[in-house]
Amino acid sequence: MRGTLAVLSVAISAVTAGLFSPSASANEQVINLYSARHYPTDEALYSDFTNATGIKINRVDSDDAGIIARLKAEGSASPADVILLVDAARLWKGEVDGMFLPVKSKTLETAIPSQLRSKPTDDGTAWFGLSTRARVVVYDKLKIKREDVDTYEELGDPKNKGKLCIRSGSHPYNLSLFGAMTEHLGPATTESWLKGMVNNMARAPKGGDTDQIKAVASGECGIAVTNTYYLARLMRSTNPADKAVAERVGVVFPNQQSWGTHVNVAGGAVARYSKNQANAMKFLEYLVSPEAQNHFANGNNEWPVVKGMKIDNPALQAMTGGSFKSELVPIRIVGMNQIKVQQMLDRVGFK
C-alpha cells in the first residue's frame, strides 16, 4: 500500500511540475494559484492583477475538497503559492491540516473584520475571508407569508410542514449554516431544529441552490434556502425564464431582529510551501483593494468584506436596500463545528 501511495505522490508531483514549468525565464514573476472559484467573471480579476503588477498567474481549478486532497498528496513538492476556497469549513480544514502558511499583513488585518479570518497566532494569520455570501430564505410570494419564514428557526416549525426544499445537508454551504446555528441555539436545540426541517421537506434534498429557487417558483415547494449570489444571477439574467423565476419568489434575510443572517466566505491563504511568497502576499492584498472588492460584488454578486464599500450591483441592492444585519459568529468556529453537525445530520436522517 505504501508503495502505491509513493508512486501516486511521485506521479502527481510530475504532472504538477509539468503544469507549472517556466515558460519564459527563471526570473519571470509568477504565482501558482489553486482555486475553487469556478466563476468565469473572475478572469477579469486575474488579468487586472497581472496588468497592474506584471505578475503572471498560473491557475489550477478544482473544488475545495479536491484542492485540499491535492495539497496533501503533493506535500513539500507542491508548487502552489495561493489557495482560494469558497467555504469556511474547508478553510478551517486546510488550516488544521497544515496546508497554509501563516502570514502577517497590516493591509489584510485592517481591511478584513476579525470574525472573517482565522485566529491569529504568533506566526501570523492562516487564512482571510475575501468576500461573503448570505444564506437566505426564498419563498413563494403567492402562497407563503413573509412573517412565517423570517427566521431560520421557522424552517423547522410544524407550520411549514411539506413546504421546504433544500440541497444536501452535507453540502459545505449547509454545514456552515448549521454550524452557526449550533453556536446560537446549542447542540441539543439545533438537532431538534434539524429534525424539524426533515419533517418539513417537500421532497428529498437534491440539486444545487438554483434548483431550490426554481422549485419554489414552479410550486413544487413553498420555501427554500440559497446563497444570495444564485438568486442575484437569476435577477440579472437576460433570459426571460430566469427573470420569471426571480419575480415569482420573495427573499428574506433571516433573523434581522435577533443575531442576524448567516454569512459564509470565499477566502484565501498562502500555501505552506510557496516558493513565491512575496508575490502571493501581493495577490491577497490586491484582493481587498477597492477594485477587486467591487469586482466580487459586481462580477459574481458577492458581498465585499471591506467595510464601507459602496456597491453598484442592482440585484444586491434590490434584495436588501443596500445593507443587512449579519451574524458575528467567528467563521472559524463555524468551520470547527462541521464534524459535530454531520453527526447530528446522520442521527436525524438529513441526507
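Read the figures in this text as sums done on the coordinates, not as results from a lab. In this text, all values refer to a predicted model and were calculated from it rather than measured experimentally. Cβ atoms come from the backbone with ideal geometry, glycine included; neighbour counts cover every protein chain shown.
A few remarks follow.
- Taking the chain and dividing mean pair separation by its residue count, relative contact order in percent (alpha carbons under 8 Å, at least six apart): 26
- Extension gain, THR50 to SER289: 0.36 nm times the residue separation minus the Cα-Cα distance gives 84.6 nm.
- Top of ALA44, ALA269, ALA52 by mean-square fluctuation, Gaussian network on the chain, Cα under 10 Å: ALA52
- Look at where the Cα atoms of segment 138-152 and of segment 37-76 average out, and the two centres are 39 Å apart.
- Rel. contact order, % - alpha carbon contacts under 8 angstrom, at least six apart, segment 224-285: 15
- Rel. contact order, % - alpha carbon contacts under 8 angstrom, at least six apart, segment 129-226: 45
- Acute angle (nearest 10 degrees) that the helix 338-348 long axis makes with the longest principal axis of the chain, alpha-carbon atoms: 40
- Comparing Cα centroids, segment 205-245 and segment 265-333 end up 24 angstrom apart.
- Length gained on full extension, LYS325 to ARG146: 62.7 nm, using 0.36 nm per residue less the C-alpha separation.
- Segment 183-224: trypsin sites (Lys or Arg not before Pro) in DSSP coil with no more than 16 other Cβ atoms inside 10 Å: ARG203, LYS206
- Residue pairs, from the table LYS143/LYS243; LYS141/LYS163; LYS56/LYS119; LYS93/LYS206; LYS325/LYS351, whose Cα atoms sit over 22 Å apart: LYS56/LYS119; LYS93/LYS206; LYS325/LYS351
- In this calculation the C-beta distance from LYS159 to ALA65 is compared with R0 = 35 Å, giving a FRET efficiency of 0.45.
- With R₀ set to 25 Å, the beta-carbon distance separating LYS351 from LEU185 gives a calculated FRET efficiency near 0.70.
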